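The values are calculated or read from the model by the stated rules, or taken from the named source; none is laboratory data. Computed from a predicted model, the values in this text were never measured in an experiment. Here the Cβ positions follow ideal geometry from the backbone for every residue, glycine too, while neighbour counts run over all protein chains shown. These area figures cover heavy atoms from the full protein model, side chains too; ligands, DNA and RNA do not enter into them. Shrake-Rupley method; radii C 1.70, N 1.55, O 1.52, S 1.80 Å.
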Amino acid sequence: MRTTSDTVAVIGLAIGGAFGLAGTFVASASLRETLWTIDGAALVVATALLTMKYQRLGNDCVAAGFLTFLAGETLLMAVNAAGLQASVPSYVGGISLWAAALVMVSAPRNLCPVGAAHRSLPPCSLSSRLA
């Protein structure tokens, strides 16, 4: 059953992906910063809602992954106004948090202790996806 929060999260992820990609390909610095600000705001809202959803479901590792992504995206939004060249070190920090979040969200069975409340998630087996 989909809730309003699920729908808002999906829309936020879609807007974030579309505007982030669009910002990558524009030549104008001011337009790029505007697109990336919209991208960041949409992703922050989406990941905040996903954090709450998975926390309520008892999937702490997945919730922590979305919270980590939220922290990384917030860092990127904060340095976006400085311009691309001036904010490279902070971008590295934000992208590092994204990478950590991706691991936490994608591989909860490998990160969570045995018996944790993440059993409702489908198995993360590469072999089952390739078959």
- Query: Heavy-atom accessible area of residue 15 with all protein chains present, probe 1.4 Å, nearest 10 Å²?
  - Reply: 70
- Please compute the net charge surrounding residue 15, taking Lys and Arg as +1 and Asp and Glu as -1 over other residues with Cβ under 14 Å from its Cβ. -2
- Given a cut-off of 22 Å, what percent of all Cα-Cα pairs of segment 1-111 lie beyond it? 33
- Sorting 49, 13 by accessible area (1.4 Å probe), largest first, what list results? 13, 49
- Between residue 10 and residue 96, take the C-beta separation as r, use R0 = 25 Å, and let me know the FRET efficiency to the nearest 0.05. 0.45
- Just need the relative contact order of segment 1-81 here, percent rounded to a whole number, with Cα pairs under 8 Å and 6+ apart. 30
- Item | 5 Å binning of all Cα-Cα separations within segment 54-106, expressed as whole percents from 0 upward | 5, 24, 24, 18, 13, 9, 5, 2, 0
- Rounded accessible area of residue 31 (nearest 10 Å², 1.4 Å probe): 80
- Ratio Rg/Rh [Cα only; Rh per Kirkwood] for segment 9-57: 1.13
- Once both labels are modelled 7 Å past Cα along the beta-carbon direction, what's the residue 34-residue 18 spacing in nm? 1.7
- Message: Please list log₁₀ I(q)/I(0) at q = 0.18, 0.23, 0.24, 0.27 Å⁻¹ for segment 45-84, using the Debye equation with identical point scatterers on the alpha-carbon positions.
- Response: -0.49, -0.65, -0.69, -0.78
